[in-house]
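Reviewing the structure listed below.
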Amino acid sequence: MALPVLYSYRRCPYAMRARMALSYAGIAVEIREVSLKDKPAHLLQVSPKGTVPVLILEDGLVLEQSLDIMRWALQQHDPDGWLREELRQQELLVAENDGAFKQNLDRYKYAIRFPEHSAEHYRQQGERFLEKLEQYLQHNVFLFGDTIGLADIAIFPFIRQFAAVDHAWFETAAYPKLKLWLQSLVNSALFESVMVKHPSYTG
């Protein structure tokens, strides 16, 4: 392979954070945009679980988890110190995002599939995490200081998705610091650069 291969799906939050870390670290990859209805045979061969992102390095090593891809990219090059001293605290916050918050996000977004409770109930469950992030941002521009860290990029795509479920509600919600944080990341050159559309890979 001339370049590492990244199987990706443009709108997947896990793939977004992997692409952002790779781009930030200056690592060129061949992006293969996956059609979820027609997954490439090669993707299923190297990663039978069939989810994205999946990064295949030049030596054949396969990274199947977005956080593993992020850590690998930052270990190659981390000019602004995303892997800073409080890495353990960052990872704990990311774990909460990927666990309880992601579950509530999915139920809020697809509430019709989870009729046990209303969408508002699932939103309120998710708001517990939003409230925690709002507190983190009371004295800092980003979650762990005045510069971006691993946690900001790992969590941001999921907050973006949560906000988009009911944009009118989010606009009136009492999370002023979180909104500023979200908007700064949405408008960043880094995010815009990784949201370029690619044709579906058919190889």
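The values are calculated or read from the model by the stated rules, or taken from the named source; none is laboratory data. Just so you know, these numbers come straight off a predicted model, no measurement behind them. Cβ sites come from the backbone with ideal geometry, for glycine too, and all protein chains shown count toward neighbours. Ligands, DNA and RNA are stripped out before the accessible areas are found, and what is left, the full protein with its side chains, is counted by its heavy atoms. Shrake-Rupley method; radii C 1.70, N 1.55, O 1.52, S 1.80 Å.
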Legend entry - From Asp68, Asp59, residue being at pLDDT below 95 and farther than 19 Å from Arg11 by Cβ: Asp59
Inset, instruction - Could you please find all residues in the range 180-194 being part of a helix (DSSP H, G or I) and either open to solvent by 50 Å² or more (accessible area, probe 1.4 Å) or of a type in the set (Val, Ile, Thr) (or both)? - result: Leu180, Gln183, Ser184, Val186, Ala189, Glu192, Ser193, Val194
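Do we have any residue at all in the range 167-176 that's at pLDDT 95 or above, over 24 Å from Asp106 (Cα atoms) and part of a helix (DSSP H, G or I)? Let's see the steps before the verdict.
Filtering the range 167-176 down to residues at pLDDT 95 or above leaves 167-176.
Right, trim to over 24 Å from Asp106 (Cα atoms) and you get none.
Among the residues of the range 167-176, not one is at pLDDT 95 or above, over 24 Å from Asp106 (Cα atoms) and part of a helix (DSSP H, G or I), which makes the answer no.
Yes or no: Asn140 open to solvent by less than 30 Å² (accessible area, probe 1.4 Å) and farther than 20 Å from Tyr24 by Cα?
On the way: open to solvent by less than 30 Å² (accessible area, probe 1.4 Å): no; farther than 20 Å from Tyr24 by Cα: yes.
Considered against the rule, which asks whether it is open to solvent by less than 30 Å² (accessible area, probe 1.4 Å) and farther than 20 Å from Tyr24 by Cα, Asn140 comes out as no.
Just a yes or no: is a residue in the range 47-60 open to solvent by 50 Å² or more (accessible area, probe 1.4 Å), in contact with a Phe, Trp or Tyr (Cβ under 9 Å, 6 or more places away or on another chain) and either among the acidic types (Asp, Glu) or part of a loop (DSSP other than H, G, I, E, B) (or both)?
Taking the range 47-60 as the starting set, the residues that turn out to be open to solvent by 50 Å² or more (accessible area, probe 1.4 Å) are 48-49, 51, 58-59.
From the residues that got through so far, the ones that are in contact with a Phe, Trp or Tyr (Cβ under 9 Å, 6 or more places away or on another chain) too are 51.
Then keep just the ones that are either among the acidic types (Asp, Glu) or part of a loop (DSSP other than H, G, I, E, B) (or both); that gives 51.
Within the range 47-60, one or more residues are open to solvent by 50 Å² or more (accessible area, probe 1.4 Å), in contact with a Phe, Trp or Tyr (Cβ under 9 Å, 6 or more places away or on another chain) and either among the acidic types (Asp, Glu) or part of a loop (DSSP other than H, G, I, E, B) (or both).
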Inset, instruction - Kindly indicate whether any position in the range 113-123 is of a type in the set (A, V, I, L, M, F, W, C), more than 30 Å from Pro79 (Cα to Cα), in contact with a helix residue (DSSP H, G or I) (Cβ under 7 Å, 6 or more places away or on another chain) and assigned to a loop (DSSP other than H, G, I, E, B). - result: yes
Inset, instruction - Scan the range 61-90 residue by residue and report those that are part of a helix (DSSP H, G or I), surrounded by 13 or more Cβ atoms within 10 Å (Cβ to Cβ) and not hydroxyl-bearing (Ser, Thr, Tyr). - result: Leu67, Asp68, Ile69, Met70, Arg71, Trp72, Ala73, Leu74, Leu87, Gln89, Gln90
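Quick one: count up the residues across the range 160-174 that are surrounded by 15 or more Cβ atoms within 10 Å (Cβ to Cβ), within 20 Å of the chain's Cα centre (by Cα) and not β-branched (Val, Ile, Thr). Step through it out loud before you land on a result.
Let us first name the residues in the range 160-174 that are surrounded by 15 or more Cβ atoms within 10 Å (Cβ to Cβ), namely 160-163, 165-166, 170, 173.
Keeping just the survivors that are within 20 Å of the chain's Cα centre (by Cα) gives 160-163, 165-166, 170.
Going one step further and asking which of them are not β-branched (Val, Ile, Thr), we end up with 160-163, 166, 170.
Residues meeting the conditions: 6.
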